[in-house]
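Report on the structure given below.
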Amino acid sequence: FNKKSIKMLQRIAQLFSYYLDLEQIAYRDSLTGLYNRQFLYKYFEEFPENDGALFFLDLDGFKRVNDVLGHDTGDLVLREVAHRLEHIVQQQHGFAVRLGGDEFIINMPARKSAEDIRKLAELILSRLSTWDTQIEELHLSVSIGIVTYTSSENEDLKVLLKKADNALYRAKANG
């Protein structure tokens, strides 16, 4: 390689690095590092043939964490939730998304039995119900709405999210 070729390869490597940075910005939540809404929509566009389940999560009592302990503590809680969700989905071959605020989605892109879905929901509830004393005193917990999908139904992601959101609010109403 001559100096000109080396310089060109360095520029190509730098451009690729910029591309990776842009992709990170486009598809990751800046606070938690989880995937974001844009990634979720892209995934469903690219893999419409998948079956699976969406778990719509909302942190109950999170506003109180921000109000009582401050937004810095709230951000720490959101990052910890993201860390716990990442650990769960890595074991289950899914992925986690932060929709915004204190709302999260777990997508499990494989057909699961009702029993497997129930066990996963119980695991999520368990992992997101145990906090240190200060957070525990504020009664931070999670509610989950779950919807399954199949490629044969070919439902739009917006419809699936609406169904999962409705299931979430039924779960909240039932305690």
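The values are calculated or read from the model by the stated rules, or taken from the named source; none is laboratory data. Note that the coordinates shown come from a computational prediction; the quantities given were computed from them, not determined experimentally. A quick note on method: Cβ atoms are made from the backbone with ideal geometry, for glycine too, and the neighbour counts reach across all protein chains shown. Side chains are part of the model used for accessible areas, which takes the heavy atoms of the whole protein and leaves out ligands, DNA and RNA. Shrake-Rupley method; radii C 1.70, N 1.55, O 1.52, S 1.80 Å.
Selection of segment 39-60 for residues being assigned to a helix (DSSP H, G or I) and either in contact with an Asp or Glu (Cβ under 6 Å, 6 or more places away or on another chain) or surrounded by 13 or more Cβ atoms within 10 Å (Cβ to Cβ) (or both) yields PHE39, LEU40, TYR41, LYS42, TYR43, PHE44. When VAL89 is tested against the conditions (1) under 15 Å from the mean Cα position of the chain (by Cα); (2) over 24 Å from GLU45 (Cβ atoms), the lone failure is (2). Of all the criteria given as (1) farther than 15 Å from PHE55 by Cβ; (2) open to solvent by 30 Å² or more (accessible area, probe 1.4 Å); (3) among the hydrophobic types (A, V, I, L, M, F, W, C), the one not satisfied by LEU125 is (1).
Looking at segment 61-175, the strands (runs of 3 or more DSSP E) lying wholly inside it that each contain 2 or more residues that are touching a Gly at 6+ places or on another chain (Cβ under 8 Å) sit at 103-108, 141-149. For segment 3-22, the count of residues that are open to solvent by 80 Å² or more (accessible area, probe 1.4 Å), under 27 Å from SER113 (Cα atoms) and either modelled with pLDDT under 90 or part of a helix (DSSP H, G or I) (or both) is zero. On inspection, TYR27 does not qualify as among the aromatic types (Phe, Trp, Tyr) and modelled with pLDDT of 95 or more. Residues that are modelled with pLDDT of 95 or more and among the aliphatic types (A, V, I, L, M) within segment 100-116 comprise ILE105, ILE106, listed in sequence order. Filter segment 100-120 down to the residues that are surrounded by fewer than 19 Cβ atoms within 10 Å (Cβ to Cβ) and in contact (Cβ under 8 Å) with a residue 60 or more places away in the chain, then identify the one that is nearest to GLU46 (Cα to Cα). If we take residues in segment 100-120 being surrounded by fewer than 19 Cβ atoms within 10 Å (Cβ to Cβ) and in contact (Cβ under 8 Å) with a residue 60 or more places away in the chain, then PRO109 is nearest to GLU46 (Cα to Cα). Within 19 Å of the chain's Cα centre (by Cα) and either open to solvent by 90 Å² or more (accessible area, probe 1.4 Å) or under 19 Å from PHE95 (Cβ atoms) (or both): which single residue out of LEU140, LEU157 fits that description? Exactly one residue qualifies, and that residue is LEU157. Per the conditions (1) within 30 Å of SER152 (Cα to Cα); (2) surrounded by 17 or more Cβ atoms within 10 Å (Cβ to Cβ), the sole criterion not satisfied by ASP29 is (1).
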